[in-house]
Amino acid sequence: MIFDVPIPPYGLALIAGFLFALGGQIQHMGLQTLDARTGTMLSICSSAGMYWLAAPVMLNLENFLHPAVLIFAALGLIRPAISANLSVAAIRYIGPTLTTTLAATSPLFGAAFGILILGEMLTWQIALGTLGIVGAIILLTRRDKKIPASWPVWALALPVGAAMIRSFGHGFTKIGMAYIPDPYFAALVGFTVSMMITGSLHLMKKERRPLKHARQGVYLFLIAGLMFGAALFALNTALLNGSIVTVVPIVAASPVFSMLLSIIVFRREYLTLRIIAAVFIVMPSVVLIALGK
């Protein structure tokens, strides 16, 4: 099968995590000249366009006849249409590193879904990981009176909400691919539905600005869309060939990549000891939660 790639699932998950972080950094640059909603629309359109360009080689038209296509379409209504808007807004307010750090809480919501809905047991790994994440969020929300606050506390809810949507999306994608084992098709349908929603909303906006006045931001968001499109394909392929408990915590390493990119490549984000500590608290907590499932 074409998706039986030689790269193991954990390798694909690492690739996805890096591409998500890189896309977030590029989006942050694009926000300097373009508003978040327009940028998100362009990013989603870029991802969808990339998938449709590959359709002559990758698309199996028979998949549209399977009822499971409705799962991927339903996911497209909220992901990435809503989750991407939340993430972009979070990047604007709190920066890419904090955004990807809090986005790493997605396994927490996956574990909660399993416990409350599926009746799974609360293990010590899940309990300890949950305490770690809560502690990291408290650490991030504490303000140093000597340092002026550069972002509002409520903005922390933006990446957390995006993480919740993505977490449930991972599970339903895995369910859908049990019937249609095609990571390309799953992403194609989701991105296409999201493109139709965000594109329609943009056209309905009477106050939208001409994109020619923010050309640099347009290009950056289009590039970010390519990064996210490639990341989702790697992630879906990893989910198809591996398990959620193996793939999700590795993809959650995205804040580590984001932090390294901020320091080594972009050299523009101010990192405090508090942020760095929060990153290294969240990461093992995420792994514990995933292992506890």
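On the given criteria, is residue 235 assigned to a helix (DSSP H, G or I), at pLDDT 80 or above, crowded, with 24+ Cβ neighbours inside 10 Å and in contact with a His (Cβ under 7 Å, 6 or more places away or on another chain)? So residue 235 fails the test. Residue count for the stretch 114-125, restricted to those that are in a helix (DSSP H, G or I) and at pLDDT 70 or above: 4. Could you tell me whether the stretch 66-81 includes any residue that is of a type outside the set (Lys, Arg), modelled with pLDDT under 80, at negative phi and part of a helix (DSSP H, G or I)? Checked against the condition, which is being of a type outside the set (Lys, Arg), modelled with pLDDT under 80, at negative phi and part of a helix (DSSP H, G or I), the stretch 66-81 yields at least one hit.
Annotation note: of 19, 77, 65, 31, the sole residue that is within 18 Å of the chain's Cα centre (by Cα) and surrounded by fewer than 16 Cβ atoms within 10 Å (Cβ to Cβ) is 77. The residue of the stretch 246-286 that is surrounded by the fewest Cβ atoms within 10 Å (Cβ to Cβ), among those that are closer than 20 Å to residue 132 by Cβ and of a type in the set (Gly, Ala, Ser), is 277. Of all the listed residues (136, 162), the sole one being closer than 30 Å to residue 191 by Cα, assigned to a helix (DSSP H, G or I) and at pLDDT 70 or above is 162.
Within the stretch 13-53, work out how many residues are under 22 Å from residue 248 (Cβ atoms) and small (Gly, Ala, Ser). Summing the residues that are under 22 Å from residue 248 (Cβ atoms) and small (Gly, Ala, Ser) in the stretch 13-53 gives 7. Note on the stretch 50-62: residues that are part of a helix (DSSP H, G or I) and surrounded by 14 or more Cβ atoms within 10 Å (Cβ to Cβ) amount to 4. Residue 42 meets the stated requirement of being of a type outside the set (Val, Ile, Thr), surrounded by 22 or more Cβ atoms within 10 Å (Cβ to Cβ) and touching a Phe, Trp or Tyr at 6+ places or on another chain (Cβ under 6 Å). Picking from residues in the stretch 25-66 that are among the β-branched types (Val, Ile, Thr) and touching a residue at least 24 places away in the same chain (Cβ under 8 Å), the one that is nearest to residue 180 (Cα to Cα) is 44.
The values are calculated or read from the model by the stated rules, or taken from the named source; none is laboratory data. What you are looking at is a predicted structure, and each value in this text was computed from that prediction instead of being measured. All Cβ positions, glycine included, derive from the backbone under ideal geometry; neighbour counts span all protein chains shown.
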